[in-house]
1. Is it true that some residue in segment B:374-386 is touching a Ser or Thr at 6+ places or on another chain (Cβ under 6 Å), aliphatic (A, V, I, L, M) and at pLDDT 95 or above?
2. Out of segment A:144-202, which residues are at the interface with chain B (Cβ under 10 Å from one of its Cβ atoms), among the β-branched types (V, I, T) and surrounded by 14 or more Cβ atoms within 10 Å (Cβ to Cβ)?
3. Report yes if some residue within segment B:211-220 is more than 14 Å from chain A (Cβ to nearest Cβ), without any contact (Cβ under 8 Å) to a residue 12 or more places away in the chain, over 14 Å from B:V274 (Cα atoms) and touching a strand residue (DSSP E or B) at 6+ places or on another chain (Cβ under 9 Å); otherwise report no.
4. I'd like to check which helices (runs of 4 or more DSSP H) are fully inside segment B:1-119 and have at least 2 residues that are at pLDDT 70 or above.
5. When A:L187 is evaluated against the numbered criteria (1) in contact (Cβ under 8 Å) with a residue 60 or more places away in the chain; (2) assigned to a helix (DSSP H, G or I); (3) among the aliphatic types (A, V, I, L, M), which criterion, by number, is the only one it fails?
6. B:A64 passes all but one of (1) buried (at least 19 other Cβ atoms within 10 Å of the Cβ); (2) farther than 16 Å from B:L178 by Cα; (3) free of Cβ contacts under 8 Å to residues at least 60 places away in the same chain; (4) among the small types (G, A, S); which number fails?
7. Quick one: is B:I429 modelled with pLDDT of 95 or more, touching a Leu at 6+ places or on another chain (Cβ under 7 Å) and either surrounded by 13 or more Cβ atoms within 10 Å (Cβ to Cβ) or polar (S, T, N, Q) (or both)?
8. Test each condition in (1) in contact (Cβ under 8 Å) with a residue 60 or more places away in the chain; (2) away from every other protein chain (no Cβ under 11 Å) for B:S231 and report the one that comes out false.
Amino acid sequence: MKKTLILLITSIALLNPATANVMGQNTDQLPPGCEEISGTEQLTIEAGTEHAEQFPSKMYTYSDRKLNFEPCTKLEVTFINNDSIRHQWMVHGLPEQTYGKMGMFMLETTSGKEKGTFILPSEDESLLIHCGVPQHTQKGMKAQLTVGNGDGDIPNVPGHTGPIDGYSYDQESAVPMGMVVGITMLLLGASMIAIMEKRTEK
Amino acid sequence: MNSTSRNLTIFSLILITSISSVSAHTSGTGEDIPEFEKAPATQNAEIPVPEQMCPSTNESWRDAQTIFGVQIDKSLQCNPDNPKTVAAVTKGTNNVPMKALMDTGLSEDAVKKGKDLDGDGDPDVINITLEVSEINGKPPSDDRAISQEIAPGKNPGFWVFSPKTRGMATEGTSASELIRSPSPTIRVEEGDRVNIKLENTHYFPHSIHFHGVDHDFEVNGTGNDGVPQVSGKPALPGEAQEYQFTPEKAGTMFYHCHVQPNTHVLMGLRGMFVVEEQRDNNTVQSFNIGAGKVRNPSKAVEEEYDRSYDMVYQGIDKELHNAIKKSNDPRVISKAVNKDYDVTERDPDYYTLNGKSFPYTLRESQVIVDENESIKMRTLNAGSEGLAIHSHGHKPTATHYDGVEVNEVAQIQRDVFDIAASQRTDLKINTTEDGLNSYGDGAWFLHNHKEEAVTTEGIAPGGDITTITYESHLGEDNLPQKKGASWDQFFTEKYYEGEIPMWQEMSDKYGDIETMPASTPTIALMGLTGLITGAIGAMVII
């Protein structure tokens, strides 16, 4: 009987491999400090290139990048990937006692939809959300989940916080403009000296 | 002459008189040691603690073993492939337990193997999914990117095709082990119905051209040759594209991106593509991650050879590869790579074998052999420069060029093989000691004999050097036994930065020269030059 049950569970897992694309699923285990679930919220996040169109320097991002919920909220997340490739919605910084060593909740899907549930921690924190596919974070797939009042801002979140290692877009125009200004100032200075010398001679 | 010019002239005369008197004094002909015999002292550099030559790995990975019913040959490399990954890509990622698959970092649709259409005991419907990944991109301040060194302290950027992975691919994860240069060798069997899906996870458009592989130009009216100008639009970021073919001819081929190939191929979007001869019960190893030893050789190879190796060579111009570190804005990178970088002025700094340069080549790409064996070594020149492969101690035989078998009587045996850009040559190494095929056991160098290719930024030994290592010459750390000069310095960044004097380990006679303070005449001469230049400049302006 036990063997049959294991076989059945294994078969279901193989038939539905998408279930393995949810990590850190937690519908009822209260994180440390939570005496009860403070509320249940539904959240739908879309992901893909189309959401990055409003940001000229980004290639991928999420539909919502700045989220705010009360501590101990139970979040039921629907993650919709509008692209034909893999994307993740991965939350970091969750308590290890509840979410394991990685302290992580993740939904991953190649196009289509994935659902999962987790419970937010009891402390005010600013949690990083990103996609771990190589270069997707750097190219815009980053968001901030503020629990309560949070504990600061996460940098490089499109439309929310600026880059901390940004590229200087004026570097190409700065050199020629600097040269023009420099030469102009030099000539101006020389002219002033010449005028002053002439006045002295007079 | 105004007062400024007059004063400058007087000062210059005084300075010249002073210099003349100092020069006369310093070049005097006294009875001391002649000036030309005096030389500064030798200065040796402090050699930092070398990194671990063979970083700890799971030793059981080297053993011959059977996983998921797949026979995995032993691999005595310091850093062997994960046998579970080899088994999964051979059996098919859809045919192994999910938990085991998760340990490998592979996605369940990385390589799906389906029906045995001809009833010969192996799957003939092969569906492969590739992603496009970046390695060593712009160092982020707070974001974790994949970082890999090709040699101590050297981490040029790469774009690679990688088997579709799952979960995070940041450093230390299983998935990150699958993402590396070169792009993986892909293996199928003659007559397989192959479908390769490219999921473009990158930030530029990409395609795949299957160079030398028998394929139709179009499939159902859709381009199948991967050339954007004549074969349809490439896959844009976030899009997927499929290629289908049933190769009828076996051989060592090539696959690469054909979007701006002058930069995309060089950036790493290329790998070896092998069509194995058809045999019964011939389930081939669909991916060889990082190339190197094939731990599950095909039946046809097993019939004739004792071991099989995939060898992918490439030169790297760091000016191109570091252009992707300029910014995270795809527009900036596009300009830096496609416009600012001029491939006609290409000047490689690094030379790699299977994505690494010496000494890292020895960790995973030694050609390990035993006496009286026959070794198959498929070589691909994936770079832009010519390749002159030279084997010490052996005269291999070229059995195939560009996947076509050479008539046996015309097969050439020599110790240097010229391989032009994109060409493939299959070499057969016979380790029978007869004075021709092999000169006996040892740890024999195997390298590109273009001398710049045995250096890393001009410092030797580096580049694509590896060894044909007889098992009896393997050391405890699964690297060749170290004899002669110490290897410590090769496993330091400082050596490849040129900060350790050549042969310092053997003799003080060749150390760096102590820096001497500049002489008085030199300082005076420079001062005078500056003064005159400044005076002329001032006069011109006024």
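The values are calculated or read from the model by the stated rules, or taken from the named source; none is laboratory data. The structure displayed is predicted, hence computed values, not measured ones. Every residue, glycine among them, receives a Cβ derived from its backbone with ideal geometry; neighbour counts consider all protein chains shown.
1. No, segment B:374-386 contains no residue that is touching a Ser or Thr at 6+ places or on another chain (Cβ under 6 Å), aliphatic (A, V, I, L, M) and at pLDDT 95 or above.
2. Listed by number, the list holds a single entry, A:I154.
3. Within segment B:211-220, one or more residues are more than 14 Å from chain A (Cβ to nearest Cβ), without any contact (Cβ under 8 Å) to a residue 12 or more places away in the chain, over 14 Å from B:V274 (Cα atoms) and touching a strand residue (DSSP E or B) at 6+ places or on another chain (Cβ under 9 Å).
4. It comes to B:83-91, B:98-104.
5. Result: A:L187 fails condition (1) only.
6. Of the numbered conditions (1) buried (at least 19 other Cβ atoms within 10 Å of the Cβ); (2) farther than 16 Å from B:L178 by Cα; (3) free of Cβ contacts under 8 Å to residues at least 60 places away in the same chain; (4) among the small types (G, A, S), the odd one out for B:A64 is (1).
7. Numbers: modelled with pLDDT of 95 or more: yes; touching a Leu at 6+ places or on another chain (Cβ under 7 Å): no; either surrounded by 13 or more Cβ atoms within 10 Å (Cβ to Cβ) or polar (S, T, N, Q) (or both): yes.
Judged against the criteria, B:I429 is not a match.
8. (1)
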